[in-house]
Amino acid sequence: MSNFTITIVGTGVIGTSLGLALKQEKDPPRLLGHDKDLDRAKTALKLGAFDKTEWNLVNACEPADLLILAIPLSGIRPTLAAIASYLKPGVVISDTARSKAPVLAWAAELLPPHAHFVGGDPLVQPAGSDQSQAAAALFRNRLYCLTPAPNAEETAVQLMVSVISMLGAKPFFLDAAEHDGLTAAVETLPSLLGIALLQTVAGQPAWREMRKLAGSLFDQTSSGASGDPDSLQADLLAQRSTLLHWLDRYLAQLQELRALLSADEGSQEALLQKLDQAIVERHNWLVDYRQGHFDDPELAPPTIERPGLMRQLIGFGGGAKKQGSRGAEEQGRRK
């Protein structure tokens, strides 16, 4: 086992899946886990995701060469504040939250100069939010977005690119503000719509009978109304301004659909065209998502040599450093 230590804070479905995936390496890193839920941490250890779990946050983070915060957005700032004074020189820190701008701001505020922050967002869809849905293959052929801090060293970025390669995922880069603006439309807005749907139907007198007829489509559409309300509120408020923009656009679409539904038979063709366009767009997106074909070949990240990868990581990329840095810079110029 390598002397390179990766600590993952948060042993839910994402954190445990990260550990399981990294354990697939022939020479895996030393993996430490921490979770405030001790039972969940013990379960992750039994699943083989970690070499050891630490109940104490500082003890878990202090020896880390790479620290990944796989916790809700609401927990990231207090965690950074708690560990900032105990981080080893040269440590690289990342996260898995869906909002990146506030996380980078907290990192700039709280982390010491010798720590390097590279924001991360693994674009995966676990079968469920329960830890039992964790899987080593969760990241395979999926996209993994990186939003490096402005002062992040190239070696720190290259380290994350190498780790993503170990997961079997495909790294790509976005500015934090751009990331959050796009994510608000395709992640946060659907959550808000699910909440609105539940509030609409569950408040009706007929809900007791209506719920008996609800099936998989209702389950999928209302899934945004799940999880921890504090974390959900933090996600919504973190993207408030952008979310309001997308919500206005969505309301405009609903008004247009309402007008077409309430119009006479002469508008049926317009409604049909709108439905057909939506069905085609969803089909095309789903094909790309399932096949992992979102990459623009001109913006493809550098190929990472897998043999001896952990030896490269210990030196922050080693011989692959220059190639990876050029790839990231080239991608940034072409955006």
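By DSSP, what percent of the beta bridges with both residues in the range 43-168 are antiparallel, rounded to the nearest 5? Present the calculation step by step, with values, prior to reporting the outcome.
Values: 5 of 11 bridges.
Counting DSSP beta bridges with both partners in the range 43-168, the antiparallel share is about 45 percent.
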- Connecting every pair of Cα atoms under 10 Å apart in the chain and solving the GNM, the largest mean-square fluctuation among Gln131, Gln199, Gln239 falls on Gln199
- Which value in deg cm²/dmol, rounded to the nearest 500, describes the helix-derived mean residue ellipticity at 222 nm for the chain, given -39,500 (n - 2.57) per DSSP H run of n ≥ 4 and division by the residue count? -15500 deg cm²/dmol
- Query: Rounded to the nearest 5, what % of the DSSP beta bridges within the chain are antiparallel ones?
  - Reply: 20 percent
- Query: Using alpha carbons only, how many degrees (0 to 90, rounded to 10) separate the axis of helix 13-22 from the longest principal axis of the chain?
  - Reply: 40 degrees
- Task: Could you list which residues have their amide H under 5 Å from that of Ser2, counting only those 5 or more apart in sequence or on another chain, with H placed in the peptide plane?
- Result: Arg30
- Taking GluC sites (Glu not before Pro) that fall in a DSSP loop and have at most 15 other Cβ atoms within 10 Å as cut points, what is the longest piece of the chain between them? 26-304
- Query: Using a Gaussian network model of the chain with C-alpha springs under 10 Å, which one of Thr79, Thr188, Thr155 is most mobile by mean-square fluctuation?
  - Reply: Thr79
- Query: Rounded to the nearest 20 Debye, what is the dipole magnitude of the chain about its Cα centre when Lys and Arg each give +1 and Asp and Glu each give -1 at the C-beta?
  - Reply: 840 debye
- Query: Dimensions of the chain along principal axes (Cα, Å, largest first)?
  - Reply: 71, 45, 37
- Message: How tilted is helix 321-334 with respect to the longest principal axis of the chain? Cα atoms for both, answer in degrees (0 to 90, nearest 10).
- Response: 30 degrees
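Let me know the longest stretch in the chain that avoids all chymotrypsin sites (Phe, Trp or Tyr not before Pro) found in a DSSP loop with at most 15 other C-beta atoms within 10 Å.
For chymotrypsin sites (Phe, Trp or Tyr not before Pro) (loop position, at most 15 other Cβ atoms within 10 Å), the longest site-free span of the chain is 56-293.
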- Query: Helix 101-110 versus the longest principal axis of the chain: what is the Cα-based angle in degrees, 0 to 90, to the nearest 10?
  - Reply: 30 degrees
- Item | DSSP-loop trypsin sites (Lys or Arg not before Pro) across the range 132-211, with at most 15 other Cβ within 10 angstrom | Arg140
- Query: Based on Cβ point charges of +1 for Lys and Arg and -1 for Asp and Glu, what charge dipole magnitude is obtained for the range 179-240 about its Cα centre, in debye rounded to the nearest 20?
  - Reply: 340 debye
- Task: Calculate the radius of gyration of the Cα atoms of the range 179-240 to one decimal place, then report Dmax, the largest Cα-Cα distance, as a whole number, both in Å.
- Result: 13.2, 41
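Read-outs throughout are calculated quantities, based only on the coordinates presented, and are distinct from any laboratory measurement. The structure presented is a predicted model; accordingly, all values stated were derived computationally and were not measured. All Cβ positions, even for glycine, are placed from backbone atoms using ideal geometry, and neighbour counts span all protein chains on display.
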